[in-house]
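Shown next, in structure tokens, is the structure this report addresses.
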Amino acid sequence: MPVKHYENFPVASLLLPARLREAVEAIYEFARGADDIADEGDAPPEKRLEQINEYRNALDAISKDGLSAALGAPLVFARLGRIVDEHHLPLKPFYDLLNAFTQDIKKSRYEDFNDLLNYCRRSANPIGRLLLVLYSADVIENLPLADCVCTGLQLVNFWQDVALDWKKGRIYVPLKDLAQFGLSESDFATPQSDERWQKLLAFEISRTRAILNAGAPLAYRLRGRVGWELRLIVEGGLRILDRIEAAGYDVFTRRPVIGFIDKLVIAWRALNFSHPRE
């Protein structure tokens, strides 16, 4: 499907079995559409909340009446209703996503790292849990590993997008972490990658890398092409962290993205994926 946003991970790539690609596309379309309502454009908060509520009402209809309720709905909901029906997907992860996007409209600061992780639990982890259902791998021992991968990728996005988020009036760096390293919100107005900022972002990247690595063993539990897809996803997130470090933690003037050389590095690392991460 057309992906209009830069993503740290492949969306319905050719590594996925063909029978699952449309389902992954439908999940992405729902999540990205709702996320854009919260993030993009200049609509007032009241209008954004109203639009998010339309997504919530569509989920309510699917929950109540199943596929029949979605058939006359807009395309995004009609396709999602069919996919939910075909693959027996739970609706709670979709509601969790909407709760996170609603929070984005209402909340722009996070007190500490646990506060941020609680947001990730609803903004990122539902995707991994839905994919586990699609892969018939949603056994209890896989859930925390998927959560680690998804939370890790979400954190990667936060550190990568510090400047972009600031322009939207948001700071995802925990306020207590800022204070710990002698920084405050005012430092975002005149950003510079000084020693304080470098130490702060090195600290955040270190624990983000640990979270991603904690979830990496899931790539060995998921067999075949799906496992290879996950290896690439994990290595893609880790590569972004490498790029941030290589740039001296300056995410204010140069946003690190995955380029051609990086893709070769990611592919090589995926081929040599280290199993003893577990």
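Of the residues 225, 209, which is crowded, with 18+ Cβ neighbours inside 10 Å and of a type in the set (D, E, K, R)? Steps first, please.
Values: 225 fails: crowded, with 18+ Cβ neighbours inside 10 Å.
None of the other options fit; the residue is 209.
When region 51-104 is limited to residues that are under 25 Å from residue 21 (Cβ atoms) and basic (Lys, Arg), the one that is modelled with the highest pLDDT turns out to be 92.
Where residues in region 160-177 are more than 19 Å from residue 105 (Cβ to Cβ) and part of a loop (DSSP other than H, G, I, E, B), which of them is nearest to the chain's Cα centre (by Cα)?
The first filter runs over region 160-177 and keeps only residues more than 19 Å from residue 105 (Cβ to Cβ), leaving 160, 162-163, 173-177.
So of that shortlist, the ones also part of a loop (DSSP other than H, G, I, E, B) come out as 173-174.
On the way: 173: 16, 174: 18 Å.
Looking at the filtered set, the residue picked out is 173.
I'd like to check which helices (runs of 4 or more DSSP H) are fully inside region 75-134 and have at least 1 residues that are under 13 Å from the mean Cα position of the chain (by Cα). Output list reads 92-106, 113-123, 125-134. Can you tell me which of (1) in contact with an Asp or Glu (Cβ under 8 Å, 6 or more places away or on another chain); (2) in contact (Cβ under 8 Å) with a residue 24 or more places away in the chain is the one residue 243 doesn't meet? Every condition holds for residue 243 apart from (2). When region 135-159 is filtered for residues that are assigned to a helix (DSSP H, G or I) and among the aromatic types (Phe, Trp, Tyr), the ones remaining, listed by number, are 158, 159.
How many residues are assigned to a helix (DSSP H, G or I) and under 18 Å from residue 253 (Cα atoms) when one looks only at region 178-193?
Residues of region 178-193 assigned to a helix (DSSP H, G or I): 178-180, 186-189.
From what's left, under 18 Å from residue 253 (Cα atoms): 186-189.
Qualifying residue count for the region: 4.
Please find, within region 149-206, the residue that is modelled with the lowest pLDDT out of those that are among the hydroxyl-bearing types (Ser, Thr, Tyr) and exposed (fewer than 14 other Cβ atoms within 10 Å of the Cβ). Spell out the reasoning first.
Step one: filter region 149-206 for residues among the hydroxyl-bearing types (Ser, Thr, Tyr), giving 151, 172, 184, 186, 190, 193, 206.
Filter once more, keeping what is exposed (fewer than 14 other Cβ atoms within 10 Å of the Cβ): 184, 186, 190, 206.
Values: 184: 93, 186: 89, 190: 83, 206: 97.
Looking at residues that are among the hydroxyl-bearing types (Ser, Thr, Tyr) and exposed (fewer than 14 other Cβ atoms within 10 Å of the Cβ), I get 190.
Mind checking whether some residue in region 116-126 is exposed (fewer than 15 other Cβ atoms within 10 Å of the Cβ) and modelled with pLDDT of 95 or more? Yes, region 116-126 contains a residue that is exposed (fewer than 15 other Cβ atoms within 10 Å of the Cβ) and modelled with pLDDT of 95 or more.
Kindly check whether there is at least one residue in region 231-239 that is outside any helix (DSSP H, G or I), more than 14 Å from residue 160 (Cα to Cα) and not basic (Lys, Arg). Checked against the condition, which is being outside any helix (DSSP H, G or I), more than 14 Å from residue 160 (Cα to Cα) and not basic (Lys, Arg), region 231-239 yields no hits at all. Would you mind stating whether residue 262 is assigned by TED's automatic domain parsing to the domain that holds residue 139, under 29 Å from residue 171 (Cα atoms) and surrounded by 15 or more Cβ atoms within 10 Å (Cβ to Cβ)? Spelling it out, residue 262 is indeed assigned by TED's automatic domain parsing to the domain that holds residue 139, under 29 Å from residue 171 (Cα atoms) and surrounded by 15 or more Cβ atoms within 10 Å (Cβ to Cβ). Scanning region 232-258 for residues that are basic (Lys, Arg) and within 16 Å of the chain's Cα centre (by Cα) yields a total of 1.
Output yes when any residue across region 248-261 is of a type in the set (Phe, Trp, Tyr) and farther than 27 Å from residue 113 by Cβ, and no when none is.
Residues of region 248-261 of a type in the set (Phe, Trp, Tyr): 249, 252, 260.
Still in the running and farther than 27 Å from residue 113 by Cβ: 260.
Taking every residue of region 248-261 in turn, at least one turns out to be of a type in the set (Phe, Trp, Tyr) and farther than 27 Å from residue 113 by Cβ.
The values are calculated or read from the model by the stated rules, or taken from the named source; none is laboratory data. This is a predicted model, so every value here is computed, not measured. Ideal geometry is used to build each Cβ from the backbone, glycine not excepted, and the neighbour counts take in all protein chains shown.
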